[in-house]
1. Rg to Rh for the chain: what is it, with Cα atoms only and Rh by Kirkwood?
2. Please compute the length gained on full extension between Ala91 and Arg72, using 0.36 nm multiplied by the number of residues separating them and subtracting their Cα-Cα distance.
3. Any idea how far the Cα center of the range 109-158 sits from the one of the range 1-42, in Å?
Amino acid sequence: MSIVDVTFTVNGRRATVATDPAAPLLEVLREELQLTGTKEGCNEGECGACTVLVDGLPVDSCIYAAGATAGRSVETVEGLADDALGRDLQAAFVAAGGVQCGFCTPGFLTTLVAVLRENPAPSEQEVRTALAGNICRCTGYSQILDAVAVTISGRNGR
Ligand code: FES
Ligand code: FES
């Protein structure tokens, strides 16, 4: 294992971490940068709890090599506090009961921010398809879909 400096932007701020470039991004975010909002679930790319955005696209940070972030922009759930869409989604999740234990929530929120930036008015089927990699064991998904619908209609003035 070789340790190298990896420099990237996280939530708008430049960060340099000394890490094995093959180490999971999830580990670097949580243990080196103390960004513990991103959760570790299955640790094998199946549940979506660890989703973050890299250059705007959702990735499973548990299976994404930290070295691959060099020169890129990473957004975690913590960064959504500074994002109007992220704040709207969070408020809608709370209002609709889309957060129960909350373990899956950071992954859903980051995925949805990417989806709604790309298409501000997706159909329910498009939302379901986009969320296929995010597992929630508590809500039965309907409250999450309700929260997304409220966010979409609120942001589109409907
Ligand atoms: S913890 Fe990464 S996909 Fe489950
Ligand atoms: S709210 Fe508990 S897993 Fe989704």
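1. Rg divided by Rh gives 0.98.
2. Value of the extension gain: 4.0 nm.
3. Rounded to whole Å, the Cα centres lie 27 Å apart.
FYI, it's all coordinate maths here, none of it is from the lab. From a predicted model like this one, the values you see are computed outputs, not experimental measurements.
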